[in-house]
Amino acid sequence: MEKKNIDWGNLGFAYMPTEKRYVSNYKDGAWDDGCLTEDDKVVISECAGVLQYAQTVFEGMKAYTTEDGRTVVFRPDLNAKRLKDSAERLEMPAFPEDRFLDAIRQLVKANEAYVPPYGSGASLYIRPYIFGTNPVIGVKPADEYQFRAFTTPVGPYFKGGVKPLTIKVSDFDRAAPHGTGHIKAGLNYAMSLHAIVTAHEEGYDENMYLDSATRTYVEETGGANFLFITKDNTVVTPKSNTILPSITRRSLIYVAEHYLGLKVEERPVPFEEVKDMAECGLCGTAAVISPVGKIVDHGKEICMPSGMTQMGPITQKLYDTLTGIQMGRLEAPEGWIMEIK
Ligand SMILES: *Cc1c(COP(=O)(O)O)cnc(C)c1O
């Protein structure tokens, strides 16, 4: 496979169209056969459900090249399932999970020249999504939808080295109890934009959202789950039905228990406990884990003992183990790696 001539190591996280995308349309109660296309434009009614009432859900995952040169995708079955859960919560038709996997296979195969080589730190980001396409003016679910998935090469997350983040406890809420915080819906991001722009203006990298009912428990950031390490090396991650079930976080917990022999607790985490933690990280597909160095709660600073220049030791082990599994340097649990042939 002849790779594209791209400066992989200097890519950022921006949209760069690749040759093919996968499209399937839903009409009269059924998805059509779907196909790859070179057309990167979507033409829909000016009154489409997605444009009026934000009826759209999405996923994010990565394809990369392993040490022995295979092209693989990490746990896409979980993205398929989560997209289905997200769609159902917004009264949208689910895209069948087996068809999702087939679409990803076709899509990555067709864009294999854009899958960055092993060792570059870059990867091919995959963005599947579903949106309501037919005119909707009275508030109701659309009748017609499009499932689309495109790819875009993205650079190494820790370009120029690891830099622990400084985050603030937000005064805004991300998700309401019994709301949509647990699904991957564009609407959750739309409402987080003002909060993140505000945080950036104030010099912070990210927001820490607390539970909106009591403002006493840690939830997540706008796009990543929290993982804490206690001073006796227990991995603690917040449990709440208003956080998005990160596939990276679920995988890291498995790695902590089964590869590193660490104790793991998934439970509500009072913000009060954060000051006693040894390490803190944000987990998601983009970075796997990015370390948090400092958390600021209305002027009160909590400085993580792991400091502002590197990952904490347990965070580093988790990161090395999971990326080792992803890159084929360590044996993966059954079913975690989908090879593209
Ligand atoms: C996508 C997302 C994550 C991370 O999930 P991964 O499956 O690990 O990429 C975390 N929080 C929110 C709100 C998200 O949308």
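Values in this text are rule-based calculations from the coordinates and carry no lab data. Owing to the predicted nature of the structure, the values given are computational and were not obtained by experimental measurement. When we count neighbours, we look across all protein chains shown, and the Cβ atoms used for this are built from the backbone with ideal geometry, even at glycine.
Assorted remarks:
- Residue within the stretch 282-303 that is basic (Lys, Arg) and part of a strand (DSSP E or B) present: yes
- Considering residues of the stretch 55-88 that are among the small types (Gly, Ala, Ser) and under 14 Å from THR285 (Cα atoms) only, the residue farthest from the ligand (Cβ to nearest atom): ALA63
- Scanning the stretch 290-308 turns up no residue that is of a type in the set (Ser, Thr, Tyr), in contact with a Ser or Thr (Cβ under 6 Å, 6 or more places away or on another chain), on the phi < 0 side of the Ramachandran plot and away from the ligand (no atom under 15 Å from the Cβ).
- Strands (runs of 3 or more DSSP E) completely within the stretch 136-253 that count 1 or more residues being free of Cβ contacts under 8 Å to residues at least 40 places away in the same chain: 235-238
- Options ALA14, ALA48; residue that is loosely packed, with under 12 Cβ neighbours inside 10 Å, under 22 Å from GLY186 (Cα atoms) and touching a residue at least 60 places away in the same chain (Cβ under 8 Å): ALA14
- From the list GLU272, GLU279, the lone residue that is buried (at least 22 other Cβ atoms within 10 Å of the Cβ) and away from the ligand (no atom under 16 Å from the Cβ) is GLU279.
- With respect to the conditions (1) within 16 Å of the ligand (Cβ to nearest atom); (2) surrounded by fewer than 16 Cβ atoms within 10 Å (Cβ to Cβ); (3) not basic (Lys, Arg), GLU91 falls short on a single one, namely (1).
- The stretch 200-253, residues that are among the acidic types (Asp, Glu), farther than 21 Å from PRO177 by Cβ and within 12 Å of the ligand (Cβ to nearest atom): GLU206
- Being under 26 Å from LEU330 (Cβ atoms) and either part of a loop (DSSP other than H, G, I, E, B) or of a type in the set (Ser, Thr, Tyr) (or both) is true of ASP68.
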